[in-house]
Amino acid sequence: MRVLACLPSLLLVACATPATPPPEPVEARAMFQRIANELPRADLGIGTPPGIVDYSASAKAEGKAPEPEPLKATERGFSLRVHVYRPRTVTIPFTAIDAVTYGWRPLPNAILAPLLVVPLQRVGVTVIVDGSKVSGLLDQIERECVRLEAVSREVGMGGPWSHAQSVRAKLADDAAAYGAGRVAIDFDRLVPIPAWFPRGGAVSDVAAAFEWARLHPTETLPPKPEEKKPADGEKKP
């Protein structure tokens, strides 16, 4: 009961914390690698379309969708997997990042907090990007939503149409919360600590890497040092 009474305070603590870049000096390659390590966790918050989409006659006529490009982070930006109609990879330039925050997630932590002996909570990083600066993001998502509506009419089922509306609703929520054209991307993880003890700092290093990249969009990496080849007859160490 005491934890339940403290939930309002926990939710207040859970407010997103603005990210700060790591102290100098910074090894740029380490920053990009830290971002790359998080990319499989990226969540645009739009879910995936119902399976009936791939079995529609028109989708079959289009043939198998090409495999999305691998996820990676470079000096220019990072990759995001987008799956509205069919999965594809979009590059998010670091110049498109508006803000980076991190912290304890109110849900499901507000539900987990009363379970005192359950060592589990969700924490994460939120990267806000300006969709107008990302080629092939907002316009393509809208075209794919229209495509889903067409599939819904084709198969006579409402699932694809409903998914399209859910995608549009999520983008509208982001625009209302962060500004027109802005899109929120979450990088969440579960940590083995009871939810009543907020530990948003567990992802502060990830947030710091994204913030550093946002502040250094023209950073270039020095070439990797060439491995010295042993001379003829010389043994490798």
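Computed values, structure above
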{"read-out": "Selected from Leu116, Asn37, Pro222, residue furthest toward positive end of dipole (the chain; charges at beta carbon)", "value": "Leu116"}
{"read-out": "Likely footprinting exposure, Trp104, Trp196, Trp161, Trp212, fewest C-beta neighbours within 10 Å first", "value": "Trp161, Trp196, Trp212, Trp104"}
{"read-out": "Intensity falloff of the range 65-201 expressed as log10 I(q)/I(0), Debye formula with alpha-carbon point scatterers, at q = 0.11, 0.15 Å⁻¹", "value": "-0.53, -0.89"}
{"read-out": "Gain on full stretching of the segment that runs from Glu154 to Thr95 - 0.36 nm per residue minus C-alpha separation", "value": "17.2 nm"}
{"read-out": "Given (i) 1.01; (ii) 1.10; (iii) 1.23, the label whose value is Cα Rg over 2.2 N^0.38 Å derived from this model", "value": "(iii)"}
{"read-out": "Difference of contour (0.36 nm per residue) and Cα-Cα distance, Ile111 to Ala175", "value": "20.3 nm"}
{"read-out": "Karplus (6.51, -1.76, 1.60) ³J(HN,Hα), θ = phi - 60°, over the range 173-185, in Hz, Gly and Pro reported as x", "value": "5, 4, 5, 5, 7, 10, x, 4, x, 7, 10, 9, 10"}
{"read-out": "Estimated 222 nm signal from helices in the chain, with DSSP H stretches of n ≥ 4 weighted -39500 (n - 2.57), rounded to 500", "value": "-11500 deg cm²/dmol"}
{"read-out": "With at most 14 neighbouring Cβ atoms within 10 Å, loop trypsin sites (Lys or Arg not before Pro) (DSSP) excluded, longest segment of the chain", "value": "73-227"}
{"read-out": "Test item: Cα-centred dipole of the chain, Lys/Arg +1 and Asp/Glu -1 on Cβ, debye", "value": "440"}
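None of the figures in this text is laboratory data; all of them are computed from the coordinates on show. Quantities reported herein were computed from a predicted structural model and do not represent experimental measurements. Please note: Cβ atoms are built from the backbone with ideal geometry, for glycine as well, and neighbour counts cover all protein chains shown.
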